[in-house]
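Structure, as structure tokens:
The values are calculated or read from the model by the stated rules, or taken from the named source; none is laboratory data. These numbers come from a predicted model, not from an experiment. As a convention, Cβ positions derive from the backbone with ideal geometry for all residues, glycine included, and neighbour counts pool all protein chains shown. In case anyone asks, the SASA skips ligands and DNA or RNA and just uses the protein heavy atoms, side chains included. Shrake-Rupley method; radii C 1.70, N 1.55, O 1.52, S 1.80 Å.
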Amino acid sequence: RNLPGKRVISGKSNLYITDLLFSVVQMNFGTGKNAKLSDRQVAGKTGTTQDYRDAWFVGFTPDFITGVWVGNDNNSPMKRVTGGDIPAIIWREYMSKVDPNPVNKKFSFDLLDIESIPDENLPWLSEE
């Protein structure tokens, strides 16, 4: 659902940021590949602090945004847990339950803002 609000970045900037975060999840070499959902597009960002004290994945689909953090309450390091591991898996499992029948499966943008961008630079916008 679209709520009224003030645009704070251009449509083209939104497109580029989403494309960057999309590749984190959708590309086989991306750190967030464990968050991939088979029935809708996902974009997101992984994170891990020094000494593995904190790890997170913040991701979004066309309809929802959710963040998952893991760590120890006593600030002790975990055993090499990264944001693309346990947090991304938790995120994927949660999202598949909270929105089991997604309405919007692809990201959409105002095409007037992005007409000049070559399609080959944005593979997730294709009609395939």
Test: Gly47 is part of a strand (DSSP E or B) and over 20 Å from Asn101 (Cβ atoms)
yes
Scanning the stretch 33-71 for residues that are surrounded by fewer than 16 Cβ atoms within 10 Å (Cβ to Cβ) and hydroxyl-bearing (Ser, Thr, Tyr), the one farthest from Lys106 (Cα to Cα) turns out to be Thr49
Could we say that Leu15 is touching a residue at least 24 places away in the same chain (Cβ under 8 Å), open to solvent by less than 20 Å² (accessible area, probe 1.4 Å) and either more than 19 Å from Thr66 (Cβ to Cβ) or of a type in the set (Gly, Ala, Ser) (or both) here?
yes
Within the stretch 72-128, restricting attention to residues that are of a type in the set (Phe, Trp, Tyr) and either at pLDDT 90 or above or part of a loop (DSSP other than H, G, I, E, B) (or both), which residue is most open to solvent (accessible area, probe 1.4 Å)?
Tyr94
Return yes or no: is Arg80 closer than 15 Å to Val24 by Cα and among the charged types (D, E, K, R)?
no
Answer yes or no: is there a residue in the stretch 35-42 that is of a type in the set (Gly, Ala, Ser), without any contact (Cβ under 8 Å) to a residue 40 or more places away in the chain and either assigned to a helix (DSSP H, G or I) or closer than 13 Å to Gly84 by Cβ (or both).
no
